[in-house]
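Structure first, commentary second.
The values are calculated or read from the model by the stated rules, or taken from the named source; none is laboratory data. Bear in mind the structure is a predicted one, so any value in this text is a computation, not a measurement. Using ideal geometry, Cβ is built from the backbone for each residue, glycine included, and neighbour counts are taken over all protein chains shown.
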Amino acid sequence: MSCSLYLIKSKQIMDWMCFYAEHGEMCGVPDAVGYDTAVHARKFSSREAAQRYIDNEMPAWARTEHHPVSCGLWETGSELAVLISSGAPIPDKLLQATPGRLRIWLR
């Protein structure tokens, strides 16, 4: 079963990893950072919202290197999966990247 949530994925990284988390500094380098699992990545309610974020919010270098991808129901994490399954509204805070996790440098 698929859901209506989308992630931003790096085109330059292997299929099984590197979902966008945020733009910011990592190890002294100001660049985009991500997570290797979808459950901790930033999520979007539509493909269009994810693409809009890429087009308007991501740094210029990253716009051609990232694209929206749909995520499976259980890739979202159990809390989101339950909300989606029940048809309940999803709070914006659950769409944000999980803070405090080990991040990967995307550039």
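Looking at region 54-100 only, could you name the residues that are touching a helix residue (DSSP H, G or I) at 6+ places or on another chain (Cβ under 7 Å), charged (D, E, K, R) and surrounded by fewer than 16 Cβ atoms within 10 Å (Cβ to Cβ)? Hits for region 54-100 are Arg63, Glu79. Taking the residues in region 21-48 that are among the hydrophobic types (A, V, I, L, M, F, W, C) and not in a strand (DSSP E or B) as candidates, determine which candidate is modelled with the lowest pLDDT. Going through the qualifying residues, I end up with Cys27. Residues that are among the polar types (S, T, N, Q) and either at pLDDT 75 or above or closer than 15 Å to Ala49 by Cβ (or both) within region 1-20 comprise Ser4, Ser10, listed in sequence order.
Entry remark, region 73-89: residues being modelled with pLDDT of 75 or more, in contact with a strand residue (DSSP E or B) (Cβ under 8 Å, 6 or more places away or on another chain) and within 20 Å of Glu48 (Cβ to Cβ) number 2 in total. Taking each residue of region 51-69 that is in a helix (DSSP H, G or I) and looking for partners that are of a type in the set (Lys, Arg) with beta-carbon atoms closer than 7 Å, six or more apart or interchain, yields Ile54/Arg63; Asp55/Arg63.
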